[in-house]
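S.K.: There's a structure below that I have some questions on.
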Amino acid sequence: MIAPPWLLSLPVIFPLILGVFTLLIPAHTLKQAGKTGAVATAVTTLPCLQWVWQAGPLHQTLGGWGAPLGIDLYLDGLSCLFLLFAALTGLGISFYATEYFPRSAEGHRSRTDLFWPLWFVTWGGINSLFLTLDLFNIYVTLELISIAGTGLILIAGTRGAIRAALQYQMQALIAGLVYLLGVGLVYNALGTLDLQLIAAELTPSPMILTGLALMVTGLIIKAALFPVHFWLPPAHADAPAPVSAVLSGLVVTVAYVIVFRLWFAGFHTIAPNLVPRLMGVLGAVGIVWGGILALRQERLKRVLAYSTVSQVGYLFLVFSLTLDSPAAEGLVWAGTVYMAVAHGLAKSAAFLAAGCLQKTEGSDTLTALRGAALRQPAAVIVLALASINLIGLPPSTGFIGKWMLLKASFYTRQWGIAFVILGGGLLAAAYLFRVFEVLMNPPDRAAAPDTAKPPLPLSRGILFPAMLLALATLIPVLYITAPEELLRIGAPVSFSRFITPGAAQ
Amino acid sequence: MTLPPGALLYALAGVWITVIGLRGVLAEEDWFRKIVGANVMGSGVFLLLVALARRAPDGPPDPVPHGMILTGLVVAVSATALMLALLGFLNDRENGEDDT
C-alpha cells in the first residue's frame, strides 16, 4: 500500500489556504465559509487516522527533498491523536465563533472578521507542529502561530487586550530566539535538523547539551510552565472567548507536545537526571501556584487562565516520573497524553461557556455573575462538565489521566508527586466550587438595582459546540481501548506494563 | 567540534550580545527599551549562528545556518514592527484618556 503524497501535507496546507481565502471573500459570506472550512479542515485529518490505524506510522518528504536537507513529515499514533484533538476542538470553536462574533453588514469588514483568517492560519500551524520532524520548521511554525495569536488577542480591541498582546508577542519572540539558538548549536554539532537523524546520533557533548537545554527552555516559555507563565493570564483572559479557547486549549498544548516529542525521541537518553527532576519540580510548583492564584481571582476568565497554568504543571510531571522506572513509562506516557487532551477539550469548552456568560451578563466578574445559573443554565452546565475534567473526577478523561499518573507515582515511590497530584485536584475543586457557589446562589433581591437585564444577544445554538467538546471528554470511558491502541502505534516507549483502569489487571 | 579562532571570537561576541539584549528585555521597565533589547538579543543570536556556520577552518561556510538566520531576521523584523505598532496604539489610547 502506497500513501498518497498529499496525505500528511493536506491537514497543513488546507487551513493555510483557507486563511488567505477568508481574507479575500466578502464579509457577509464569512460565517458560512468559516463553518464549511472548519468541517473540511477537520475532514482532512480522517485519512491520516485511517492510514495510521491500518498501516502504522508514515514518513513523507515534502517536494521530493528528503532529510537531511529537506523537511519531513511524520505521522504516528501520538500525532494522529493530537490531530484529531485539534480537529474536534477547532470544529467546536469555529461553530461557536460564527455565533459569538456579530454579523458584518454587506460590503463592510469589521475587526472581528479578522478572526477567520488568523484562526485558520493558526490551525494550519498547529497541525503542522503535530506532524513535523524538522527542528527549524518547528521554529518557523511556532512564530507563525505566535504572530497570528497576537492578532487574535487584539480582536478584543480593549486597552487590556493591547497590553496583553504586546506582552504575548514579546515572550513569543524571546522564547523563539532562545529555541533558535538551541537549534543552531545542535545543527552545528550534528549537521542536520531532522529529529529522527538527530535522535540516532545524540551524544552528551557540551554543545549538544547546551543546544537541547536552550531548545527546551524556549519551548517551556511558550508552554507557560511555572515560573515563565507570567504572560499567560492576561493574554488568555483579555482575549475574546473563542480566542481564549484557541490559546488555552490548543496553542499551549502544542508547545508542550513538542517538548514531549523531543524528549522521548532521544533527549531523555543523554540529559543529566537533574533536568527531568527540575521540570517535574517546576510542574509540581506550577500546579500549586496556579491553583492558589486561581482561587484569588475576581474574574471568571482569569480563574480559567490560572487554571491553565496549574494544569500545564501536571503535564511536566511525566519527565520526572519516567526517570526512575522504565517499566511504568507507558503508563505515565499515556496518562500525560490523556491529561493534555482532556485539558485542551475541557478548557476550550469552559472558555466558550465563560464567553456566553460574559456576553449575556455584561461582565465576567464574579460579582456580576451572581445567580447566573438561573438565567443561563446551559452555560453553567457546560462549565460544570468541563470542571469535572479539570478537577479530575470520574468518569472523565481527566480522571483517567490523573489516575494513571497517580498509579505511576506510587509505583515509582515518588510520594511528593503523588501528594501534589491529589492536592492539585483539591485545589482545582476549591477554585471551581468557589465559582459555582457564586453562580448557583440566587441574586440578592434587595441589592439588585434593576431586574431588566439586556436582552440575550446570543442565539440558542451557540452553546451546542461547547457542550459537545465538554461531552467528548467522557467518550473514552465508554470505549477505552481505542485511544490506547492508537497511542501504541509508533510509540517511543514500552507499553509492557501499560494497564488502563478499564482493562483487566 | 572545534571552531576556527576567528569564528570563536565572533561566537563569544554573539553570546555576550545575546545576554545584553536579554538583560534589556527583563530589566527595563519601558516597553520601547524592552523592544530594543529584544532586537539586540536577536542580533546576538544571529551573530552566533553566523560564526557557527564556519564548520571547518578552510572551505566554504555551511549555507544552512545562513538560511536559518535569514528566516529568523524576517520573523524578528515582523515581530518588532508588530510590537512597535501595538506600543503606538497603547500610547495613543492612554494619551487620549488622559485628555478627557
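S.K.: I'm trying to understand the selection: among the residues of segment B:25-60, which are within 11 Å of another protein chain (Cβ to nearest Cβ) and of a type in the set (Gly, Ala, Ser)?
M.R.: Once the filter is applied, which keeps residues that are within 11 Å of another protein chain (Cβ to nearest Cβ) and of a type in the set (Gly, Ala, Ser), segment B:25-60 yields B:GLY37, B:ALA38, B:GLY42, B:SER43, B:GLY44, B:ALA51, B:ALA53.
S.K.: When the residues of segment A:115-139 are narrowed to those that are within 14 Å of chain B (Cβ to nearest Cβ) and in contact with a Gly (Cβ under 9 Å, 6 or more places away or on another chain), which ends up farthest from A:LEU219 (Cα to Cα)?
M.R.: The selected residue is A:LEU118.
S.K.: Could you run through segment A:251-280 and say how many residues are hydrophobic (A, V, I, L, M, F, W, C), over 21 Å from the mean Cα position of the chain (by Cα) and either part of a helix (DSSP H, G or I) or within 21 Å of A:VAL341 (Cα to Cα) (or both)?
M.R.: 5
S.K.: Given the residues A:MET215, A:MET207, which is the only one that is more than 23 Å from A:ARG302 (Cβ to Cβ), modelled with pLDDT under 95 and of a type in the set (A, V, I, L, M)?
M.R.: Just one listed residue meets the conditions, A:MET207.
S.K.: What number of residues in segment A:362-387 are closer than 23 Å to A:LEU468 by Cβ and in contact (Cβ under 8 Å) with a residue 12 or more places away in the chain?
M.R.: Looking only at that region, the number is 15.
S.K.: Next up: For segment A:135-184, what are the residues that are surrounded by 24 or more Cβ atoms within 10 Å (Cβ to Cβ) and either outside any helix (DSSP H, G or I) or charged (D, E, K, R) (or both)?
M.R.: A:GLU143
S.K.: Okay, next question. Would you mind finding the one in B:ALA76, B:ALA53, B:ALA81 that is touching a His at 6+ places or on another chain (Cβ under 7 Å) and within 27 Å of A:LEU144 (Cα to Cα)?
M.R.: Going through B:ALA76, B:ALA53, B:ALA81 in turn, just one is touching a His at 6+ places or on another chain (Cβ under 7 Å) and within 27 Å of A:LEU144 (Cα to Cα): B:ALA53.
S.K.: Still on this structure: Can you run down the residue pairs with Cβ atoms below 6 Å, 6 or more apart or on separate chains, where the first is in segment A:144-165 and farther than 18 Å from B:ILE35 by Cα and at the interface with another protein chain (Cβ under 9 Å from one of its Cβ atoms) and the partner is basic (Lys, Arg) and surrounded by fewer than 24 Cβ atoms within 10 Å (Cβ to Cβ)?
M.R.: A:ARG159/B:ARG93
S.K.: Pick out the one residue from A:ALA55, A:ALA86 that is out of contact with any helix residue (DSSP H, G or I) (no Cβ under 9 Å at 6 or more places or on another chain) and either buried (at least 20 other Cβ atoms within 10 Å of the Cβ) or under 28 Å from A:ALA334 (Cβ atoms) (or both).
M.R.: That would be A:ALA55, the only listed residue that is out of contact with any helix residue (DSSP H, G or I) (no Cβ under 9 Å at 6 or more places or on another chain) and either buried (at least 20 other Cβ atoms within 10 Å of the Cβ) or under 28 Å from A:ALA334 (Cβ atoms) (or both).
S.K.: Could I ask something else about it? Of the numbered conditions (1) within 18 Å of A:VAL254 (Cβ to Cβ); (2) in a helix (DSSP H, G or I); (3) aliphatic (A, V, I, L, M), A:LEU73 fails exactly one; give the number of that condition.
M.R.: (2)
S.K.: Can you say whether A:VAL243 is farther than 30 Å from A:PHE120 by Cα and assigned to a helix (DSSP H, G or I), as far as the supplied structure shows?
M.R.: When the stated conditions are applied, A:VAL243 does not pass them.
The values are calculated or read from the model by the stated rules, or taken from the named source; none is laboratory data. Keep in mind it's a predicted model, so treat the numbers as computed, not measured. Counting neighbours? That spans all protein chains shown, and the Cβs are built from the backbone with ideal geometry, glycine included.
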